[in-house]
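Readers should treat all values here as calculations from the given coordinates under stated rules, not as data from a laboratory. Values in this document were obtained by computation on a predicted structure and should not be read as measured data. All Cβ positions, glycine included, derive from the backbone under ideal geometry; neighbour counts span all protein chains shown.
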Amino acid sequence: MAESIAREVFGLLFETSSEAVFVVDRASLRIVAANVPAAEMLHHDVDSLIGISLGDLLIDAGRDVMAPGHYEDVALRGSDDYPVYTELHVAHVHSEASGDVAAFTARDTSERRMLERELVAKHSALFTAHADLERAHRELGAAKRELEAQNQQIALLAWRAGMGELVAGIAHHLNNPVGAMASTLRRLREAIAELPESQRTKPERQLGRVVELTRRIEFNVAAIVQASRSTFQAASGGPAMPPELASALSAFAEKLEDIPKKDPS
């Protein structure tokens, strides 16, 4: 009976086709005919497929595949209850022997589905790895910029320290002749004191002028030394620097700040 139905519906294609084909009665929804490739695909023998309800054959029993058309990714239940994913083509046929039936042509897509899922998994892993690589690249770039900024700061501080030492050295060398000048002025004061009072006025006036100039030089040298010991004069607690020296050192500090900085990017 099953063979006659199959031949009436499919003709010789039922027996010669390499594709799985089976026939379902539209009233009872039970398989009434199946060929050898269909049985092999589902790991059954042909006789054991006859009479199986289409609902029992579907993994997703709620899915309706009876209407004519094309269905993708339909999971059919194998003899071991393991799903066999198929692509179904359904046609409605009326025959004298069987009445209204649905003819199913099934193609096993399990391997393709597995490959697609592996491809999706690999793509997801690749996407994750790419995101990790981009994050690592951003972190490396940030670390590089921070390191370059620190190196720039260290170099600037080292140069400032070197310039401070240079200024202190210059001030030290200025102190020597200023000290000698102060010692000489003391001896001159003693010598003037031995002159008659009528001859002291002019030398004392000139000596006082020189003493004042010497004090100004000593004060300026001390201010330079004090400034060389601290980046900020306000934090040093030393004497206020004369305006002309403060202006000169301020201009010098501005030159330090104008040093070209390497672009960290």
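For the reader, a short list of remarks on this structure follows.
- Once you reduce the range 46-83 and the range 144-210 to the center of their Cα atoms, the two points are 105 Å from each other.
- Ranked by the mean number of other Cβ atoms within 10 Å of their residues, highest first, the peptides 100-110, 73-83 fall in the order 100-110, 73-83.
- Radius 14 Å from Cβ of M114, net charge of other residues (Lys, Arg +1; Asp, Glu -1): -1
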